[in-house]
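Reviewing the structure listed below.
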């Protein structure tokens, strides 16, 4: 996609998905921290430990080695990553199908969409040729 377009659908789609993802992450953090605090013997100490970690004062010693899913313990980190991947993909698909009913779903390839809707890619950019020396010089000056 390009930065400037008259089509609002991709922008709305992106903003909605960012908002949904932010909400999911925030709720997951709350659940995680509540579980830590409720399961600890010294709740005040646990609370301050979480605050220190969030502020970046200490490094977390938490290293997840396994995942329990449907009463099965999964130790393989690749399988764990795939489970999370599949979960978030299915969640995103569900959210997309609910929130984006108004968006044109016939767009299957973004490149084709861009080439069909713009005479040339990124029309606001004026291209200039530059040598490697000029690029290195410009990068060093910034």
So residue 38, is it loosely packed, with under 10 Cβ neighbours inside 10 Å and at pLDDT 85 or above: yes
Conditions (1) in a loop (DSSP other than H, G, I, E, B); (2) at pLDDT 90 or above: number failed by residue 31: (1)
Flagged in region 61-97 as at pLDDT below 65, within 24 Å of residue 21 (Cα to Cα) and loosely packed, with under 10 Cβ neighbours inside 10 Å, in numbering order, are none
In region 1-25, which residues are surrounded by 14 or more Cβ atoms within 10 Å (Cβ to Cβ) and modelled with pLDDT of 75 or more? 10, 12, 13, 16, 17, 20, 21, 24
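The values are calculated or read from the model by the stated rules, or taken from the named source; none is laboratory data. Everything numeric here is computed off the predicted structure, so don't read it as measured data. Positions of Cβ are backbone-derived with ideal geometry, glycine not excepted, and every protein chain shown enters the neighbour counts.
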